[in-house]
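The values are calculated or read from the model by the stated rules, or taken from the named source; none is laboratory data. Small disclaimer: the values here were computed from a predicted structure and weren't measured. Glycine also receives a Cβ, built like all others from the backbone with ideal geometry; neighbour counts cover every protein chain displayed.
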Amino acid sequence: MTNYFEEPKRPKSHQIGDLAKEQISELFATKGWVINPIVSDYGDDLHIQLTEGSTLIPIRFYIQIKGTKNIKKFQTKSTYNISKIKRSSVAHWLNSIEPVVLVLWNTTKKSGVYGLASDIFENYNSKKKTKFFTASLSKNSLFNKQSLERFRADIIEHYCNKRYMNLAGMQSLVEKNRKIAEFYGVQKNNIKLDMAETVLLYLTSMKILKIDHKNQTFRLDNKFHKTFFLEFAKYFRKTNFDRGYAGKKFEKEFDKVLILSLTKWTAEKFDQGIHAAMLDASTQVMRMIFKSAITKTKNLLR
């Protein structure tokens with residue numbers, strides 16, 4: 001006898017995918033991040049907005065999840081590879097204004113690895129005839145409860161780099177041609193303000209600065225403050241400050257230590273390494289903070 005009530009069964013891959021999405025959503029929820037499940041033809045599974053404590057910050061990203069019960073079948077010597085990704089999907093991810101993160105997730109272990117689409121497919125334009133791509137995710141880019149802060153820093157660094165470069169490019173255009181400003185409806189001063197806000201967001205997120213919202217001021221994070229002055233003490237002891245050149249030499253050494261401290265500090269917080277644009281911008285902001293201290297010291301060394 002025919003069973004007219006028998007329903008079609010869902011493929012196991014769909015069940016595993018749903019479980020992976022659920023587990024990752026639970027992981028983000030522990031940080032209070034805003035989670036929006038989405039349906040897309042390009043495989044985007046979640047849209048996330050980051051928070052700073054209980055405050056929303058303007059950084060959002062997409063997550064594309066590949067769930068598995070056996071992550072070893074994707075394993076190579078130094079990476080985990082996800083193959084047969086359509087060219088149209090890669091193009092969609094790379095054209096996204098917001099970062100797209102690919103995650104290979106082990107539903108059994110509740111952990112995985114991740115990579116930013118912009119890094120994974122950086123050679124996309126040189127492979128014009130390629131129909132399918134392989135995403136290689138580093139084994140070092142762990143994605144689990146313990147590595148969530150490092151993952152967050154990666155996302156913030158990517159956002160700030162991209163935004164800063166876009167704003168810097170816009171400012172350059174506005175300075176060269178007034179009609180550009182009229183066309184976009186922007187003023188150079190507004191762009192500078194946006195750039196300053198981006199750098200401050202970056203520095204506070206990297207735990208270099210702390211903002212006092214009540215008094216509308218900011219100061220150096222205590223741990224970074226200690227790190228910087230320990231580095232500076234090493235240089236100061238090794239440097240001979242000749243009379244007449246001491247002030248200039250001090251300023252030069254100060255910049256050197258500041259760049260070194262910023263690079264070391266941020267390198268510990270994310271995988272990609274600090275971008276040159278953000279390093280230059282961060283150094284300028286930090287010099288402003290230390291301006292009075294530099295001036296006083298230069299006067300003492302005259």
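Here are a few things to note about the model shown:
- Of all residues in the range 170-190, those satisfying the criterion of being surrounded by 14 or more Cβ atoms within 10 Å (Cβ to Cβ) and either aromatic (F, W, Y) or over 22 Å from M278 (Cβ atoms) (or both) are I180, A181.
- Residue check: L193 meets all listed conditions (1) within 30 Å of E253 (Cβ to Cβ); (2) surrounded by fewer than 19 Cβ atoms within 10 Å (Cβ to Cβ); (3) not charged (D, E, K, R) but one, namely (1).
- Checking W105 against (1) buried (at least 17 other Cβ atoms within 10 Å of the Cβ); (2) over 26 Å from S282 (Cβ atoms); (3) within 19 Å of the chain's Cα centre (by Cα), the condition it does not meet: (3)
- Flag for L167 being of a type in the set (A, V, I, L, M, F, W, C), assigned to a strand (DSSP E or B) and buried (at least 16 other Cβ atoms within 10 Å of the Cβ): no
- Considering residues of the range 204-224 that are at pLDDT 85 or above and part of a helix (DSSP H, G or I) only, the residue surrounded by the most Cβ atoms within 10 Å (Cβ to Cβ): F224
- The set of residues in the range 55-113 being of a type in the set (K, R) and closer than 17 Å to D45 by Cβ consists of R60, K66, K86, K110.
- The set of residues in the range 101-133 being outside any helix (DSSP H, G or I), in contact with a strand residue (DSSP E or B) (Cβ under 7 Å, 6 or more places away or on another chain) and more than 21 Å from H14 (Cα to Cα) consists of G115, L116, F121, F132, F133.
- From the list I35, I57, I48, I63, the one residue that fits, being surrounded by 11 or more Cβ atoms within 10 Å (Cβ to Cβ), at pLDDT below 90, in the same structural domain as G115 (by TED's automatic domain parsing) and not in a helix (DSSP H, G or I), is I57.
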